[in-house]
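Inspection log for the structure reproduced underneath, given as structure tokens.
Nothing in this text is a laboratory measurement; each read-out follows from the coordinates by a stated rule. These numbers come from a predicted model, not from an experiment. Positions of Cβ are generated from backbone atoms using ideal geometry, with glycine treated the same way; all protein chains shown enter the neighbour counts.
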Ligand code: GDP
Ligand code: MG
């Protein structure tokens with residue numbers, strides 16, 4: 001198939017607007033999948049993704065489409081994008097592999113924060129946009145209103161908007177023809193030096209790194225020597241191919257092709273997402289634009305419940321890192337929790353996913369500490385240090401200034417909830433930036449907020465205060481000085497390093513009170529009375545007490561009720577798994593997260 005009949009595109013959408021369902025319909029219509037394979041939404045491969053309904057890893061599928069209107073065959077590459085704010089950079093890279101996008105908007109929900117964020121990424125990449133209003137079968141569908149929103153937002157006309165129901169299979173032919181008609185073919189020269197964009201990379205224990213690539217210039221064959229333009233590392237190509245949707249080896253990939261490449265690459269760090277591959281014999285002078293290193297924004301400690309699992313945990317992290325170059329970790333020792341690792345993540349969802357994978361795939365029970373951001377601390381002598389672990393915050397006397405990361409947070413919400421959203425943002429130390437009406441009913445509110453406040457249950461509060469109507473997105477805005485102090489928690493007179501956190505001085509007293517009472521709730525009674533104190537330096541700001549255990553819990557049960565007794569015992573055993581002896585006190589996992597639930 002000739003280059004002018006190639007179409008490379010992605011589907012972008014706010015979560016749950018129907019991206020995966022539409023992708024399935026397209027695969028079905030192009031006969032890429034059998035009925036049986038259709039059972040699973042093919043592009044969301046991992047279990048965890050399916051359960052959470054999100055897409056983390058990118059995938060590209062090659063499809064053949066015979067256009068009834070044109071009477072010609074076309075080669076499509078459908079590139080999947082992750083749908084969560086933590087993965088914006090990956091979305092941006094996968095869009096760089098495309099010439100166009102299908103923008104899916106739910107006919108009942110309308111445009112949401114992630115619709116906008118993805119749309120901006122598409123515009124940044126100069127992509128052709130095909131607007132699709134999905135779920136028109138829903139009783140609450142209001143395609144006229146959503147069409148109006150799209151007209152206002154991207155200046156499309158009514159007849160450019162396609163009405164569809166991915167679920168019922170409506171509008172799919174029209175979408176396929178629009179891909180042919182409206183999305184341009186790739187423009188590179190097959191005779192130029194090779195430039196292939198790496199937009200994903202995945203580690204396979206047998207073949208090494210499998211890089212997903214989009215060939216933008218030139219061509220590449222098996223056996224050729226290639227160079228990663230960012231790292232300078234060189235390799236020999238073992239295999240190249242396309243996903244259709246199963247991996248299918250090819251002799252050559254040329255301009256416009258989107259597929260995979262293996263070259264005995266042992267480390268995903270050597271084939272970084274966003275890097276450009278060229279050939280050693282005829283190298284390109286400059287790489288493709290836009291290489292950016294990903295920096296973790298959120299840090300927490302991961303400790304094995306059973307200290308014997310420390311080496312297993314190290315191995316698990318090594319394995320996960322192979323597939324995820326944005327995961328960072330280093331050894332950490334905590335007086336309270338023993339040996340573990342300080343890990344850096346792109347955001348909260350990324351953090352939860354890694355924790356869950358360690359527990360599920362590697363079967364290691366974890367104690368995780370509350371997430372923290374990276375602080376910049378200017379010391380009295382003028383030196384600046386970065387601190388990603390609250391317990392390592394220097395002495396207050398030696399600090400001249402503490403700076404914290406701020407984000408530009410965009411919340412999109414129906415009119416009625418503007419007050420609640422502003423109240424939450426204010427409480428989270430946000431300062432108002434802007435407010436724009438999208439239509440008669442919906443408002444886009446922008447605030448400047450410390451990232452640490454976003455990390456602490458911002459999204460949960462937003463959702464509960466707006467009955468789930470708010471959608472949310474954020475970008476890092478930079479570091480600013482704040483009046484921050486470290487708060488320590490003492491259990492039975494001992495400082496528990498893993499419970500320390502950083503707090504704004506104005507909130508220190510309230511948070512101290514809140515966390516001590518929360519800990520009293522969460523930590524079970526021990527054989528003796530345990531004082532719980534919150535302190536700044538040596539100054540106690542709050543105190544509460546865990547009373548001593550009185551009687552055997554089983555004594556509470558009625559004599560004969562065996563099944564109830566057994567249930568209670570099982571429940572205790574279940575709880576035990578997540579307990580950790582900290583000094584003389586047994587502390588459950590939840591206690592280390594208590595700081596997240598204090599407002
Ligand atoms: P994604 O998060 O954008 O990938 O969304 P999914 O494709 O996973 O769809 C989210 C939910 O919406 C699922 O329960 C789908 O079955 C449902 N859905 C998708 N398309 C339609 C549609 O056209 N009509 C209706 N009624 N439901 C749909
Ligand atoms: Mg999906």
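Panel order for 167, 31, by other beta carbons found within 10 Å of each beta carbon, from fewest to most: 31, 167. Pairs of Cα atoms nearer than 8 Å and 6+ residues apart set the relative contact order; for the chain it is 10 percent.
Reducing the range 106-138 and the range 431-490 to their Cα centroids gives an inter-centroid distance of 23 Å.
Please compute the alpha carbon radius of gyration of the chain, then divide it by the globular-protein estimate 2.2 N^0.38 Å. Two decimals is fine.
It is 1.07.
Relative to one another, the C-alpha centroids of the range 354-388 and the range 412-428 are positioned 30 Å apart. Placing dummy labels 7 Å off each Cα toward the beta-carbon, the span from residue 521 to residue 144 is 4.8 nm. Ordered by the number of other Cβ atoms lying within 10 Å of each residue's own Cβ, fewest first, 343, 425 fall into the sequence 425, 343.
For a Förster distance of 56 Å, can you work out the FRET efficiency between the beta-carbons of residue 2 and residue 547, rounded to the nearest 0.05? Show your work: numbers first, answer last.
Working: r = 79 Å, r/R0 = 1.42.
Using R0 = 56 Å, I get an efficiency of 0.10.
Can you pull the one-decimal nm distance between simple spin-label points at residue 540 and residue 174, each 7 Å off the Cα toward Cβ? About 7.1 nm, to one decimal.
Write down the percent of antiparallel bridges among all DSSP beta bridges whose residues are both part of the chain, to the nearest 5.
On the way: 112 of 131 bridges.
So the antiparallel bridges amount to about 85 percent of the total.
For the range 259-388, the Cα-based Rg and Dmax, in that order, read 18.2, 57 Å.
Please give the FRET efficiency for residue 513 paired with residue 339, using the beta carbon to beta carbon distance and R0 = 35 Å, rounded to the nearest 0.05. Don't jump to the answer; show the numbers that get you there.
Working: r = 33 Å, r/R0 = 0.93.
Here the calculated transfer efficiency is 0.60.
For the range 344-397, rounded, prolate or oblate, judged on the Cα gyration tensor with a ≥ b ≥ c (square roots of eigenvalues), a/c < 1.5 rounded, else prolate if a/b > b/c? Prolate.
In terms of the mean number of neighbouring beta-carbon atoms within 10 Å, the peptides 244-253, 4-13 order highest first as 4-13, 244-253.
Can you put 76, 432 in order of Cβ neighbours within 10 angstrom, beginning with the fewest? The partial results should precede the final answer.
Working: 76 23, 432 12.
Ascending Cβ contact count within 10 Å gives the list 432, 76.
Once the Cβ-Cβ distance of residue 311 and residue 423 is raised to the sixth power relative to R0 = 41 Å, the FRET efficiency obtained is 0.30. Diagonalising the gyration tensor over the Cα atoms of the range 389-531 and scaling each eigenvalue by 5 before taking the square root yields semi-axes of 34, 20, 10 Å, largest first.
Multiplying the residue separation of residue 365 and residue 238 by 0.36 nm and removing their Cα-Cα distance gives an extension gain of 41.9 nm.
Remark: the residue 415-residue 266 segment gains 48.4 nm on full extension, using 0.36 nm per residue and subtracting the alpha carbon distance.
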